[in-house]
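See structure below.
Since every read-out is calculated from the coordinates, none of them should be taken as a lab result. Please read all numbers here as calculations on a predicted model, not as lab measurements. As a convention, Cβ positions derive from the backbone with ideal geometry for all residues, glycine included, and neighbour counts pool all protein chains shown.
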There are 2 protein chains.
Amino acid sequence: MVGAGDDSFTIISVDDHVIEPPDVWEGRMPARFAARAPRVARLRDIAPGDTRVPAKMQEHIVQADERGTDYWVFEDVLIPMSGLGAVAGRDRAEYSSDPVNFEEMRPGCYDPAARIADMDLDGVLGSVAFPSFPRFCGQLFSCDTKDKDLALACIEAYNDWMIEAWAGYAPGRLVSLCLIPLWDPQLAVAEMHRAAGKGARAIAFSENPAWLGLPSIHDRNGYWDPVFSAAEDLGLPLCMHIGSASRSIVTADDAPRSISVALAPFSCQFTLMDWLLSDVLLKHPRLQIVLSEGGIGWIPYVLDRADYSWEHQGPWTKTPHKEPPSHLFREHFYGCFIWDPHGVRAIDDIGVDNVMMESDYPHSDSTWPHTLSAAREALKGFADEDVHKITRGNAERVFRFQPSAVGSR
Amino acid sequence: MVGAGDDSFTIISVDDHVIEPPDVWEGRMPARFAARAPRVARLRDIAPGDTRVPAKMQEHIVQADERGTDYWVFEDVLIPMSGLGAVAGRDRAEYSSDPVNFEEMRPGCYDPAARIADMDLDGVLGSVAFPSFPRFCGQLFSCDTKDKDLALACIEAYNDWMIEAWAGYAPGRLVSLCLIPLWDPQLAVAEMHRAAGKGARAIAFSENPAWLGLPSIHDRNGYWDPVFSAAEDLGLPLCMHIGSASRSIVTADDAPRSISVALAPFSCQFTLMDWLLSDVLLKHPRLQIVLSEGGIGWIPYVLDRADYSWEHQGPWTKTPHKEPPSHLFREHFYGCFIWDPHGVRAIDDIGVDNVMMESDYPHSDSTWPHTLSAAREALKGFADEDVHKITRGNAERVFRFQPSAVGSR
């Protein structure tokens, strides 16, 4: 078992990614939708500009694609798997957004047994994995799918697979993160109860539903209140992954790609400010929010800025908060980091109870297979108790997850 | 003189704002443009929806405006002065974006003698002031003005006024920050030489010209190279104020106003990443950049993130940098803060030679009239040498500014 004999360095990674295997929706959809379930096909004749491939994924089309590309086929769209989503084991110079087929990936991307073997290599005991093809909070089903009955069936099937086939393969190693139908709060609440009954431990939510064309968290009619109340009642943290609002930060059309890639986590800062200065947390005092892949080094600045802005601008903007908003962070939020040296030095300003770790397997920012040694290096000099909180204790508490060596090699 | 007997707490504020007095362009325009120069008129019949008022300023129109509103009249637009730009001396609960007329402002907003008196009250010895009506880097003239000959004449007149009437009133107290014609790099270089010859000490540049519809800093044809080279040759730092790309961060249309106000400085993080991962600084090793009103507490995180992203994503994104990009910060950038407790604690991670202070007079985030005591509190425990760098030394070096008590009461 990883970490045996060195309990203070047993890591729960609260942000990994699963590449859905082709059979996720097979046999898990109601009969009337079975023929329309998402499926994988190897296609050879897709040319750049093919309108069945969404605009944002056009870059993943390979011209003169003689070997064929694995596409997810669903409704009227074809969705390739970006090579950047499955780089584990590749040389950094070979990373590419070109599409990747299943046999070109490490099996740990899609197979739970192989994933656990890769976690063992990495010194990671527990893992929370976000969806890939449906996107980080299921935007594919919640926003793009036209037939909403079909979309709901796809979400239910994904959750069944996540709970039973993925996390269920090794309940002491893999934490179930489920999707909800964001287009209908009542359906979402029903699915939260259904999934929680089966063992779901967390919900993927959008870092900004307004940017998905959905009501914002500030909605005057309280659109999200039933969802937030259900999350409180069921003890399900909302995990908001960077990119779950489907908007990237692009400084200029001709800016080097490296810039939008480096800026990807910065949306998390907007999310935190958006929540801190809204009245949502005043109405939902038990809600728990995990800021997935957002890093932590910026958190003290955002809290200081929220408090200063509240003090100076609160009166004329009629902010309802009676206390500086930073205290809401400590009660509600968890910052997560892969590698963040200043963030680690700033943990006293963040709160040692509000920080978790990530491996980000199998993405291009991942520390895999060196997560354990990276953590040892990052947390050198920390008291055992604090190391325990950061590497696993906070995650165990918030995800109500009891890791065990079951399924470990 | 302020700071007398306590040299370590003499502050140069590198980010204040001047509300242009009505006579800036009077007598400073070539005869053929004199009749078309910007002027102030008190108008009574402007109703919300009047298309002469730019869309973003519609909120400043007061309905049933019986007292009349001071508008800048220029080409075919009417531009009111937002009350938020001139709050010095007001109670925070009375801050408002309603338009403000000249007699309702503290004279320090527009009159250099009164400004110096207000600086004395604030414990501020030197001040760099950004334009208001032309916007932070002169977007009004560079982007909106249709007749570019007229626009150039307006920029030259502004610079003459800034150098002669504003900074010239008290050259030991007020630092001249000039505008350039962003739409034509050759004209910009000519104006930089002309203004430098008259004593200009800095240039206002956009935090992201691409968002203004201009070529980006990454432009393959080197659009900005002559401007950056001139800035290097003339020793003129580029001051990039938050908001100088005319784009704010709005999380949702129905989000409380407090959120976009609190997020205003966050654009600065995009700017720093944009520059660190571009090749511009590899080509312009002497360029100096002041990140005005951006705060500093986030800088160590952005540097760490730039280095990590360069390490992981640099190879496949073909980043030209041979060393981790963070070193470019220390050679080129100055972070500026008003109130930033974590940032001050993080100065070792930022660099004590790369930090400056701001009062932000007369805006709503200003510490005026308590800037001196705020600085004393913020820098408690710092060595005198470091206090000197942060409060004035770095600014004196970068702006080539020798403060003196001339003009002080």
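For this structure, a couple of remarks:
- Share antiparallel - DSSP beta bridges, segment A:1-136, percent rounded to 5: 65 percent
- All C-alpha pair distances within the protein assembly as shown, sorted into 20 Å bins from zero, spread as 15, 46, 31, 8, 0 percent across the bins.
- Measuring from the axis that maps chain A onto chain B, the chain A residue with the nearest beta carbon and its rounded distance in angstrom come out as A:298, 2.
- Coordinate range of the alpha-carbon atoms in segment B:34-98 per principal axis, descending: 39, 25, 22 Å.
- Evaluated at q = 0.13, 0.17, 0.23, 0.25 Å⁻¹: base-10 log I(q)/I(0), Debye formula over Cα of segment B:152-245: -0.42, -0.71, -1.21, -1.37
- Across segment A:151-195, Cα-Cα pairs farther apart than 16 Å form 36% of the total.
- Between segment A:339-372 and segment A:198-221, the Cα center-to-center distance that results, in Å: 25 Å
- For segment B:24-121, size of Cβ-based charge dipole, Lys and Arg +1, Asp and Glu -1, in debye: 400 debye
- Sites listed here are trypsin sites (Lys or Arg not before Pro) in segment B:119-153 whose DSSP assignment is loop and whose Cβ has at most 10 other Cβ atoms within 10 Å: B:146.
- Nm distances between copies for residue B:63, ranked from closest, using label points 7 Å along Cα→Cβ: 5.7
- Within segment B:1-94, GluC sites (Glu not before Pro) in DSSP loop having at most 16 other beta-carbon neighbours inside 10 Å: B:26, B:66, B:75
- Our summary gives chain B a relative contact order of 21 percent, counting only alpha carbon pairs under 8 angstrom and 6 or more residues apart.
- Taking 22 Å as the straight-line reach from the Cα of residue A:389, the lysines in range (excluding those fewer than 8 positions away in the same chain) are A:380.
- Trypsin sites (Lys or Arg not before Pro) restricted to DSSP loop in segment B:236-332 with at most 16 other C-beta within 10 Å: B:247, B:286, B:318, B:322
- Solvent-free Debye scattering, log10 I(q)/I(0), computed from the Cα coordinates of chain B at q = 0.11, 0.14 Å⁻¹: -0.80, -1.34
- Measuring against 20 Å, Cα to Cα, the residue pairs B:148/B:283; B:283/B:318; B:283/B:322 contain B:148/B:283 as the ones spanning a longer distance.
- Segment A:52-147: C-alpha gyration tensor shape, a/c 1.5 cut-off, then a/b vs b/c: oblate
- Relative contact order of segment A:342-409, taken over Cα pairs closer than 8 Å and 6 or more residues apart, is 34 percent.
- Prolate/oblate/rounded call for segment A:319-409, Cα gyration tensor, a/c under 1.5 rounded: prolate
- Rounded Å value of the spacing that divides the Cα centres of segment A:43-96 and segment B:272-326: 30 Å
- Electrostatic tally near residue A:285: other residues with Cβ closer than 14 Å to its Cβ, Lys and Arg +1, Asp and Glu -1, net -2.
- For the protein assembly as shown, DSSP calls about 30 percent of its internal beta bridges antiparallel.
- Rounded to 5, the percent of DSSP beta bridges in chain A classed as antiparallel: 30 percent
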